[in-house]
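Input: a single structure, listed below in structure tokens.
Read the figures in this text as sums done on the coordinates, not as results from a lab. Only a predicted model underlies this, so the values are computations on that prediction, with no experimental measurement involved. Here the Cβ is made from the backbone with ideal geometry for all residues, glycine too, and neighbour counts use every protein chain on show.
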Amino acid sequence: MEKEIDEKLQGVGTDRLLAEIERRKIERPNMIQNFAYGVLQNVCENHLNEISSGKNDSNFKNRIYKAAMEMWFGENVWNYINAVCID
């Protein structure tokens with residue numbers, strides 16, 4: 001594993017590494033106390049309607065995950081997730 005990391009860091013300058021460290025310092029979002037569940041409710045309702053009409057929404061799991069995360073943590077939750085996830 002160390003060899004893989006060394007290969008990925010080959011040619012990466014100090015400035016880029018420091019910028020990456022700063023990018024990852026974004027604080028973890030807190031759960032919203034009085035969240036509105038309307039968006040999540042709509043996603044679920046639309047999914048049931050599509051199933052009832054014979055359609056198959058293959059992207060449903062992604063849409064429900066996105067709606068739930070934004071409902072509980074706010075739309076900026078993706079800034080945190082993108083900052084701490086390793087490419």
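A few comments on the model shown:
- Straight-distance candidates among the lysines for linking to Lys66, with alpha-carbon spacing under 28 Å and chain neighbours fewer than 8 residues away dropped: Lys25, Lys55.
- Packing-based order for 33-46, 12-25, using average beta carbon neighbours within 10 Å, highest first: 33-46, 12-25
- Working note: 222 nm ellipticity from helices only, DSSP H runs with n ≥ 4, each -39,500 (n - 2.57), summed and divided by the residues of the chain, gives -19000 deg cm²/dmol to the nearest 500.
- Compared with the direct C-alpha span, the chain from Gln33 to Glu7 gains 4.9 nm at full extension, assuming 0.36 nm per residue.
- For the chain, the percent of C-alpha pairs falling in each 10 Å distance bin, counted from 0 to the bin holding the largest distance, reads 15, 30, 23, 20, 12, 2.
- Sites Asp57 and Asn82 - FRET efficiency at Förster radius 30 Å, r taken between beta-carbons, to 0.05: 0.75
- In summary, the aspartates and glutamates within cross-link reach of Lys8, defined as a Cα separation below 18 angstrom excluding same-chain residues under 8 places away, comprise Glu20, Asp87.
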